[in-house]
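Notes follow the structure.
The values are calculated or read from the model by the stated rules, or taken from the named source; none is laboratory data. Given the structure is predicted, the values throughout are model-derived calculations rather than measurements. Cβ: placed from backbone, ideal geometry, glycine included. Neighbour counts: every protein chain shown. The area values use the complete protein model at the heavy-atom level, side chains included, leaving out ligands, DNA and RNA. Shrake-Rupley method; radii C 1.70, N 1.55, O 1.52, S 1.80 Å.
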Amino acid sequence: DYVVVKMIPDNRLPPRHLHSVHTGKTFAVIKWESPYDSPDQDMLYAVAVKDLVRKTDKIYKVKSRNSTVEYTIKKLEPGGKYHVIVQLGNMSKESSMKISTVPLSAPDALKIITENDHILLFWKSLALKESNFNESRGYEIHMFDSLLNITAYLGNTTENFFKVSNLKIGHNYSFSVQARCLYSGQMCGEPATLLYDELGTDEDSSASKSDRSTDVAAIVVPVLFLLLVTLGIGFVVLYMRHRRLQNSFTAFANSHYSSRLGSAIFSSGDDLGDEDDEAPMITGFSDDVPMVIA
């Protein structure tokens, strides 16, 4: 024997398993399940979104008969914080969660150019890759002194560069540039950070110094290569000349070698002169001496 029991739906129960599926810069996808399985009619949900930064509320209505409901909350702000509440339209028990949207990304190509008594920070406009960023919002710049362990707010600008003066010799600094924070610093962009060493001993001090090192290397390496090639050619020429002189001397020595004495005999200039003096001088022929022609 068996019996079939059908439970009476309780519309006072809260939605189940409320969670976030995906969060972007200006939207969030949330999902939940109905208070009970297999609803036999459309169920009206109230989705309340509380902005924890601006202290504002918005309510959206969602109607669905599915056991699993997915909904996209739009028109959010990058880097915002929100409290989401989902309940049935009859104000039954609620399910809630907190979400934070993705902040604006950091500016690209942050670099430092050193001048005589100051430095200049340069970066690419954030509007080139962030459609939600307006240049009128501007950027804010922070500096961290590792020697004093102090972080200082340098100011903000709507330009893509910033001048920094009064740096102390021997101090290591870290500069960060980000989209200006809104609403008392609660809604900021991701910072782009760059290390800088006033003495220039840090390899990661600045992009401009790296560029200079690259330029110097591009000049020095070819010069060293040419010097090595020149030295190699010089050694080859000297070696060939040495071989030629050695061969000439060997041939000269062999031409004066005496097999009887077992050594080479060389005559000095004086000996040659003496031999010329001892040789009889031919003065001419006498008329009374007959000439014989063979």
Over the Cα atoms of the stretch 1-158, compute the convex hull volume and normalise it per residue, giving Å³.
187 Å³
If R0 is 30 Å, what FRET efficiency do you get for Glu159 and Arg54 from their C-beta distance, rounded to 0.05?
0.60
Counting only protein heavy atoms and using a 1.4 Å probe, what share of the accessible area of the stretch 16-100 belongs to carbon plus sulfur, as a whole percent?
47 percent
Once normalised by the length of the stretch 108-197, the mean sequence separation of its alpha carbon contacts under 8 Å that are 6 or more apart gives a contact order in percent of 28 percent
Taking the Cα of Val4, stepping 7 Å toward and past its beta carbon, and measuring to each backbone N in the stretch 37-51: which are under 17 Å?
38-40
Roughly speaking, what is the stretch gain from Ser125 to Thr26, that is 0.36 nm per residue apart minus the C-alpha to C-alpha distance, in nm to one decimal?
33.6 nm
Spelling out what I want: for every residue of the stretch 24-34, take phi, set θ = phi - 60°, compute 6.51 cos²θ - 1.76 cosθ + 1.60 (Karplus), and round to whole Hz; glycine and proline get x.
x, 6, 10, 8, 8, 9, 10, 9, 8, 10, 5
Tell me, what is the per residue accessible area of the stretch 87-177 in Å², probe radius 1.4 Å?
55 Å²
With every protein chain in place, what's the accessible area of Ser176 (1.4 Å probe, Å², nearest 10)?
20 Å²
Relative packing of peptides 97-107, 180-190 - highest average C-beta neighbours within 10 Å first:
97-107, 180-190
Under the Karplus relation 6.51 cos²θ - 1.76 cosθ + 1.60, θ = phi - 60°, what is the ordered set of whole-Hz ³J(HN,Hα) values for the stretch 101-113, x standing for Gly and Pro?
6, 6, x, 4, 6, 6, x, 8, 6, 6, 9, 10, 10
Which entries of Lys6/Lys98; Lys25/Lys98; Lys129/Lys163; Lys50/Lys124; Lys6/Lys61 show an alpha-carbon separation above 27 angstrom in the structure shown?
Lys6/Lys98; Lys50/Lys124; Lys6/Lys61
Amide H proximity to Gly24 below 5 Å, modelled H, separation 5+ or other chain, gives Val29, Val102
So what J values fall out for the stretch 88-98 if you push phi through Karplus, 6.51 cos²θ - 1.76 cosθ + 1.60 with θ = phi - 60°, rounded to Hz, Gly and Pro as x?
5, x, 8, 6, 6, 4, 10, 10, 9, 6, 10
